[in-house]
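The values are calculated or read from the model by the stated rules, or taken from the named source; none is laboratory data. Only a predicted model underlies this, so the values are computations on that prediction, with no experimental measurement involved. Every residue, glycine as well, gets a Cβ built from its backbone with ideal geometry; the counts of neighbours run over all protein chains shown.
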Amino acid sequence: MRASTKLETRAGTSIKPGTCNIRIAQASIIRPNVLLINDSSPSTSRSDQQMRSIAVSSLTKRAEDGVVASKPTTAAPRDTLRMGLPSKGRMAEDTMLLMKECALSVNKINPRQYVAKISQIPGLEVWFQRASDVVRKLRSGDLDLGIVGTDMFMELADNDSDVILLHDALNFGQCKLALGIPMTGKYTNVNTLEQLRSMPDWTAESPLRVVTGYHNIAQRFFSEKGFRHITLVSADGALEAAPAMGSADIILDLVSTGVTLRENNLKEIQGGDILQSEGVLIANRKSLLDRPGLLQIVHELIERFDAHLKAEQFYSVIANMRGETPESVARLLMSEAGLAGLQGPTISNVYNLNGSDDEVQHGFYAATICVPKKKLYAAVKSLQKLGGSGVLVQPMTYIFDEEPKRWTDLLERLNLTSKDVFGH
């Protein structure tokens, strides 16, 4: 039997994958950093309990792991509104860049300062925290809003109904949570999740050891996929080294390009992708309902983010076009694929001077359309084919819609109307 170290988990956590009810009960310490998970259920026999257990273990156990502060029934009184942002790493850099591109100035005078203000949104404090702490403090009500990755939200919110997803695609920090298994040895011909699950090596005495920092997600995933003998191992630092060192069989971690996996002789497998992750905006439900002014701020944030992210996908293209009337030019453009814009072209007169008597005369029409960035060159060639000249291409900063769908969806989830928020 392989020795494994085991991590303390919250008592009473239940997982119900289909007919399989896996209950992680009270953990009991049997030696330093080693805890025995007692898995039992009144409806299962002793042999079934052993066959269906998922043990959770740790190479580096931290006291705060798996611990969430008790939550009040209503939002605690506070004079200010708080938004948590990541304090370090690429996630922090990308978050600050998004805020800047949306004309939101986060005033952090001292780089060691943990609290800042946003000039455009008085009354909202920005608190810089570890991404994991943003979720934990949002659950406990110490923060009202936060920006984190989908992975942290799914892992640490852990289906808490008090944590609401406001914006699911902030278009930065894209990566995926996936399995990585060794390329060689007994895994040489293992290329699918089914092949990994069917390996005869995994028994109650010798379970598949998975090193990961995402225990909640891993428990749900392996249970849903029908794995019977699993031990989840926690470790800080580079997880990719664990299989080679013998402390785990496979890893479950974030993957961006896959280069780090390959450089450590690990590979991805079909069916091993667990979730796609990117930056998301989240909120505490009680805060949204109880804190005056917060929903108005949420509306502004969603509107700014959506307008900017939509505009990032397009160029504004202006071309001089010949035609008898504005309607004829518009009809010509809309007859060509890719030149209709978002809701149709905008046509305006272009004037120039008559060379002989310096009189102003109408010579062309200027047609303005929005073109997807990926289709820019094809659109320019189409305009030229239709007689367009002097084609100008400009970046776009915002495209504001009448009302963001994410905002109307939020109002529906909170059972509110726009009048409830804005008074009109």
Selection from region 197-213 of residues closer than 18 Å to ALA242 by Cα and within 32 Å of the chain's Cα centre (by Cα) yields PRO207, LEU208, ARG209, VAL210, VAL211, THR212, GLY213
Looking at ALA116, ALA103, ALA75, which is the one that is modelled with pLDDT of 90 or more, among the hydrophobic types (A, V, I, L, M, F, W, C), in contact with a Lys or Arg (Cβ under 8 Å, 6 or more places away or on another chain) and part of a loop (DSSP other than H, G, I, E, B)?
-> ALA103
Would you be able to say whether some residue in region 343-355 is within 30 Å of ASP133 (Cβ to Cβ) and surrounded by 14 or more Cβ atoms within 10 Å (Cβ to Cβ)?
-> no
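One line per residue, one yes/no per condition, for (1) in contact with a His (Cβ under 7 Å, 6 or more places away or on another chain); (2) among the polar types (S, T, N, Q); (3) not in a loop (DSSP other than H, G, I, E, B):
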{"position": "GLU324", "(1), (2), (3)": "no, no, no"}
{"position": "ARG331", "(1), (2), (3)": "no, no, yes"}
{"position": "GLY363", "(1), (2), (3)": "no, no, yes"}
{"position": "LYS375", "(1), (2), (3)": "no, no, yes"}
{"position": "GLY387", "(1), (2), (3)": "no, no, no"}
{"position": "ASN415", "(1), (2), (3)": "no, yes, no"}
{"position": "HIS424", "(1), (2), (3)": "no, no, no"}
Picked from region 295-339 (must be over 30 Å from ASP420 (Cα atoms) and among the charged types (D, E, K, R)), the residue surrounded by the fewest Cβ atoms within 10 Å (Cβ to Cβ) is GLU324
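For region 263-277: of the residues being outside any loop (DSSP other than H, G, I, E, B) and in contact (Cβ under 8 Å) with a residue 40 or more places away in the chain, which is surrounded by the most Cβ atoms within 10 Å (Cβ to Cβ)?
Looking at the filtered set, the residue picked out is LEU266.
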Inter-residue pairs, beta-carbon under 7 Å, first farther than 13 Å from HIS215 by Cα and in region 152-175, second hydroxyl-bearing (Ser, Thr, Tyr) and modelled with pLDDT under 95, 6+ apart = CYS175/SER256
Of those in region 124-165 that are more than 15 Å from GLY89 (Cα to Cα) and polar (S, T, N, Q), the residue surrounded by the most Cβ atoms within 10 Å (Cβ to Cβ) is THR150
Residues VAL298, VAL317, VAL280: which one is more than 25 Å from VAL211 (Cα to Cα), at pLDDT 95 or above, outside any strand (DSSP E or B) and in contact with a strand residue (DSSP E or B) (Cβ under 9 Å, 6 or more places away or on another chain)?
-> VAL298
Residue check: is LEU179 assigned to a strand (DSSP E or B), at pLDDT 95 or above, of a type in the set (A, V, I, L, M) and within 30 Å of ALA241 (Cα to Cα)?
-> yes
